[in-house]
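Here, each number is a calculation from the coordinates, and none is a lab measurement. Note that the structure is predicted; figures quoted are calculated from it, not measured. Every residue, glycine among them, receives a Cβ derived from its backbone with ideal geometry; neighbour counts consider all protein chains shown.
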Amino acid sequence: MAATIVAARIRRSWFQRLSVIDLFLWGFRAAVLAAVVVGTFATLRSGRYAGEVWLDFLIFGISQGSVYALIALGYTMVYGILRMINFAHGDIFMCGAYTAFYAATALHRAGLFNRYPPLSLAVILVVAMATAVSVALLVERVAYRPLRRAPRLVPLISAIGASFFIEYAVRGLYGSGFQAYPEFEVFKGKWNVFGVGILRTQAVVIVATVILMTLLYLFVMRTRTGTAMRAVSEDMEVASLMGINVDRIIVITFAVGAAAAGAAGVLYALVFKQVHFFMGFYPGIKAFTAAVLGGIGNIPGAMLGGLFLGLFESVGPILVLDGLGIVAPYQLKDVIAFTMLVMVLIFRPSGILGERLAGKKA
Amino acid sequence: MALLEVDNLHVYYGQIHALKGITLHVDPGEIVTLIGANGAGKSTTLKTISGLLRPQQGRITLSGEDLAALPAHDVVAKGVVQVPEGRRIFGQLTVHENLLMGAYIRAERNGVETDLARVFTLFPRLKERRSQVAGTLSGGEQQMLAIGRALMSQPKVLLLDEPSMGLAPVLVEQIFETITGINRLGTTVLLVEQNAYMALHIAQRGYVLQTGEIALSGSAAELQANAEVRKAYLGG
Ligand SMILES: Nc1ncnc2c1ncn2[C@@H]1O[C@H](COP(=O)(O)OP(=O)(O)OP(=O)(O)O)[C@@H](O)[C@H]1O
Ligand SMILES: [Mg+2]
């Protein structure tokens, strides 16, 4: 009996099984694909942009993507362990950048800033990372840990609350204006790398990110604590049966993610040269997008997703939108980023590298 | 004096009264088995001993020292380790990493290397596969890994939750032989099993758990001879 029903269902043609929603989604895919192809083709044929412009956009995309990737690590690592989106993470990034501003200004006033640039940069980085870590640990202790056993929506709401709390606390302390970062003289202008001119700030961002990512990867893959982190993210209960102090590992996870975000804050400020209490919001959401894009919970995925998003955001507007005849396409880069988020969530919720996560979680 | 002692243990899941005053003890060097039907409370007993569940009432002591208030990771440090039901190895970690996680509480590097070698002699298959991702091991190999991982903490008491579950008959025998071997080397064992026949074969004593209460206890031979046990657990 049951077998015949199944057989009948299989025998129904694909045409009968097609629903209105399927049609709409296919249409959506086709429309996006068509827009991308037509736009790209038109832009390239118009020849409006020289090769050098493309290169600039490409490098900007990589450096922007590096910052996203560094922030995305925090989202992905915390998600990997607690299955929770730490919505305050963007503000932890902001805290890093903001305190770094005070460190940078102090060094500047003391006249040390441009006399010892590498040392100054190191000091600023340490201050930013330390602040970001302290804030993150405080948030974890106060806003998340008491809710560890609550339904999943509860810590999410608590995270949004923490995010607003941090933003308005910083605003209350330091005001709502933009604060201008001092500039490193050595990082002005371009470096010539293999005949290609690269903005120095962007080169610093890219190199620093590569170093931090490598360190982080080695930490997670090669150390005892990193292995314990992966064990906890797979099975918290059994990890505790192996003698692993799960709370401690969670704290370390928050700390590592926050340190990366703090460093990202400094790099971001090097490029954009200003800080603001709300500056964590957009990079935060973009980094979250990057984490989802790469497959949330997956560390290499976050790195890849960040890079991908940065590139798409910087090259996409002129490559696709310009060809479609849209004026001032660069204003629409956020549209591209969030269209990507929506599309990934609809068509491939497990992200680029998230295959193995799809079955196990959610 | 008993090594592990459980006295009048009451455990609830919300409103469900899962353990209704369990009392049992395991002497040094013994294999003691806890048998019972599905849902009798065997896993609940082991989870409570391991510190994953908090008893409402009752005492758990190891050589007289109270365990009931300790978090799970400290119970391991005291010397009581559990191989959980369904193996639950870390599927995305390699065999070697799984074993290292078993030795997480231990600081001395040399000791860990020695124990690694010992686990590999016990389970040569694991040695061949030490850099393989554990999720790709066969069911039997995963059970070996789960046991090997637990041994890496050098436990005084090994808690085993249905180690024979889902294994082919040949492997079942092999696993029970291994447990006997581990016990001979000095580890005390509390063995939870559905396979009462094999469990009573290797154990010195046993307890029969029924809906959260100890219905019977005695030497393995007494239980094997008991008419009720024969009818309910040994197939007549
Ligand atoms: N997380 C839980 N929440 C509510 N009730 C539970 C939970 N875990 C177990 N129980 C209940 O407690 C009782 C004992 O369960 P337990 O898992 O200890 O049985 P068991 O003897 O190990 O059974 P099995 O042989 O099937 O593994 C059962 O009635 C079960 O339904
Ligand atoms: Mg059970």
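Which FRET efficiency, nearest 0.05, do A:Val36 and B:Gln56 yield, Cβ-Cβ r, R0 60 Å? The calculated FRET efficiency here is 0.45.
The distance between label points at B:Glu128 and B:Ala215 comes to 4.3 nm (points 7 Å beyond Cα on the Cα→Cβ vector). Only DSSP H runs of four or more residues enter the estimate; each adds -39500 (n - 2.57), and after division by the residues of chain B the mean residue ellipticity at 222 nm equals -11000 deg cm²/dmol. Would you calculate, for chain A, the mean residue ellipticity at 222 nm contributed by helices, counting each DSSP H stretch of 4 or more residues as -39,500 (n - 2.57) and dividing by all residues, to the nearest 500? When only DSSP H runs of four or more count, the value is -24000 deg cm²/dmol. Of all DSSP-defined beta bridges confined to chain B, some 55% are antiparallel rather than parallel. Label zone (A:Arg48, point 7 Å along Cα-to-C-beta; backbone nitrogen cut-off 14 Å) within segment A:317-342: A:317-332.
Take the Cβ atoms of A:Arg115 and B:Arg109, set R0 to 41 Å, and the FRET efficiency comes out at 0.35. Residue pairs exceeding 21 angstrom between C-alpha atoms, taken from A:Lys188/A:Lys273; A:Lys190/A:Lys273; B:Lys127/B:Lys156; B:Lys20/B:Lys78; B:Lys20/B:Lys47; B:Lys20/B:Lys231: B:Lys127/B:Lys156; B:Lys20/B:Lys78; B:Lys20/B:Lys231.
Using the average count of surrounding beta-carbon atoms within 10 Å as a protection proxy, the listed peptides A:57-64, B:40-47, A:37-44, A:91-98 rank, highest first, as A:91-98, B:40-47, A:57-64, A:37-44.
Electrostatic bookkeeping for B:Gln132 treats Lys and Arg as +1 and Asp and Glu as -1; over the other residues with beta carbon under 14 Å from its beta carbon, the sum is +1. Mean partner shielding of peptide A:227-234, defined as the number of other chain Cβ atoms within 10 Å of each residue Cβ, is 5.
Return the whole-Å distance between the Cα centroid of segment B:9-71 and the Cα centroid of segment A:97-144. For segment B:9-71 versus segment A:97-144, the Cα centre distance is 50 Å.
Peptide B:47-58 has a mean of 1 when you count, residue by residue, the C-beta atoms of other protein chains within 10 Å of its C-beta. All other residues with a Cβ under 13 Å from the Cβ of B:Ile202 taken together, and with Lys, Arg as +1 and Asp, Glu as -1, what is their net charge? Residues close to B:Ile202 contribute a combined charge of -2. I need the calculated FRET efficiency for the pair A:Phe165 and A:Phe338, taking r as the beta carbon distance and R₀ as 25 Å, to the nearest 0.05. E(calc), rounded to 0.05, equals 0.50. Relative contact order of chain A, taken over Cα pairs closer than 8 Å and 6 or more residues apart, is 33 percent.
Whole angstrom only: what separates the Cα centroid of segment B:163-236 from the Cα centroid of segment A:257-312? Their Cα centres are 55 Å away from one another. Only Cα pairs under 8 Å and 6+ residues apart enter the sum, and on that basis the relative contact order of chain B stands at 27 percent. If I model a spin label as a point 7 Å beyond the Cα along the Cα-Cβ vector, how far apart are those points for A:Arg148 and B:Ala168 in nm? Those two pseudo-labels are separated by 4.2 nm. Here is what passes the span test in chain A: the DSSP H helices with alpha carbon length of 18 Å or more along the helix axis and a Kyte-Doolittle mean of 1.0 or above are A:20-46, A:51-82, A:117-139, A:153-174, A:200-222, A:246-272, A:281-294, A:299-316, A:333-347.
Comparing B:Tyr197, B:Ala168, B:Thr94 along the charge dipole axis of segment B:71-201, the residue lying farthest to the positive side is B:Thr94, per the Cβ-charge model.
Neighbour counts of C-beta atoms inside 10 Å place A:Arg149, A:Arg83, A:Arg115 in the sequence A:Arg149, A:Arg115, A:Arg83, starting with the fewest. The mean number of partner chain beta-carbon atoms within 10 angstrom of a residue's beta-carbon across peptide A:242-252 is 5.
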